[in-house]
Amino acid sequence: MAGSRRDTRGIVDAPALFSRVRFRRRDPAPALRPFVEHYWLIDWDLTEPYTSRVVPHPSVHLVFQRDEEPGGPGPADRAEVHGIVRGLFIRRLTGRGRVCGVKFRPGGFWPFAPERPVSEWTGRCVPAAGLLPAPPSGEVLGPPGEDARVAALDAYLLPLVPAFDPRTAQVTALAELVRTDRALLRVDTLARAAGMSARSLQRLFATRVGVGPKWVILRHRIHEALERAAAGPEADWAGLAADLGYSDQAHLVRDFTATVGVPPAAFARD
């Protein structure tokens, strides 16, 4: 069983979050890895509410969740599919709770529910039972140990593993190229790398990923800017804007502010 991993990219104020919740990332079974990036597990027991903020990745999530409010009727389990969130994902945590999430790779969710384009779920949260067969909330959320929860996720998803699909492999590889190649800043450049027209690339991403390639490129820019801002207020914002392919610093500031809610310099000071 693979060990836990720590990766804070996209989490706004990760130290504050980690001081209040127990957060782990775990690898899925090998047969699931072409489709699933990782599992993520969170447990909390709070005396005061806490609001977490995340700049989401271009991924669909299957989320098993248990909430238990102080003085409430007891645990309430649910399983939901969360489409890609275009803005800031904000979640208020109260009382006790547990989440076991499945982060699909960009393009990796579509083969599990191919009847509709993934763009139909973008910006939406829907019951998982409407898209996937009998999500086992109790089996996933019940075990106290994280190894057992990971095993339950594997046991549920492995029988659902789809047959190899070259289009899924292609779009997943293209999204990974955008994530890892900082020089890839234009849709037409990505289209040439894919050997297709920009319009065909747009259709592929809308159907399989849920957002267009331009949005994926911009989101990874914001993640990079967020990492730089978290490092301290002395960042060279003009230089970073140029590195990320922005026309000027003002353009970076506008995108960052629209996504995170405050300008990068103010975020860095805080």
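Distant-in-sequence amide contacts of HIS38, defined by a placed amide H-H separation under 5 Å and a gap of 5 or more residues or a different chain, comprise LYS103.
Please give the FRET efficiency for PHE164 paired with ALA76, using the beta carbon to beta carbon distance and R0 = 45 Å, rounded to the nearest 0.05. With a Förster radius of 45 Å, E is 0.75.
Please state the shape class of the chain: rounded when a/c is under 1.5, otherwise prolate if a/b exceeds b/c and oblate if not, all from the C-alpha gyration tensor.
Details: a/c = 2.04, a/b = 1.17, b/c = 1.74.
Oblate shape, in that a/c is at least 1.5 and b/c is the bigger or equal ratio.
Per-residue Karplus couplings for region 216-227, computed as 6.51 cos²θ - 1.76 cosθ + 1.60 with θ equal to phi - 60°, are listed in order as 4, 4, 5, 5, 5, 4, 5, 4, 5, 5, 5, 4 Hz, Gly and Pro entered as x.
Could you order the peptides 54-65, 133-144 from most to least packed, using the average number of other C-beta atoms within 10 Å per residue?
Numbers: 54-65: 21.6, 133-144: 16.0.
Output ranking for 54-65, 133-144: 54-65, 133-144.
Backbone phi angles across region 132-146, fed through the Karplus curve with coefficients 6.51, -1.76 and 1.60 (θ = phi - 60°), yield HN-Hα couplings of 10, x, 6, x, x, 4, x, 5, 7, 8, x, x, x, x, 6 Hz in residue order; Gly and Pro are listed as x.
Counted by Cβ distance under 13 Å from ALA16, the other residues give a net charge of -1, where Lys and Arg count +1 and Asp and Glu count -1.
Assuming a viscosity of 1.306 mPa s and a temperature of 10 °C, what translational diffusion coefficient in µm² per second does Stokes-Einstein assign to region 167-209, Rh being the Kirkwood radius over Cα pairs? D = 154 µm²/s.
For the ranges 203-213, 166-176, what's the packing order if you count other beta-carbon atoms within 10 Å of each residue, average per peptide, and put the highest first?
Values: 203-213: 22.1, 166-176: 17.6.
The densest-packed peptide leads the list: 203-213, 166-176.
Any read-out appearing in this document is the output of simple, stated calculations on the displayed coordinates, not a laboratory observation. Here the structure is a predicted model, which means the values were calculated and not measured. Using ideal geometry, Cβ is built from the backbone for each residue, glycine included, and neighbour counts are taken over all protein chains shown.
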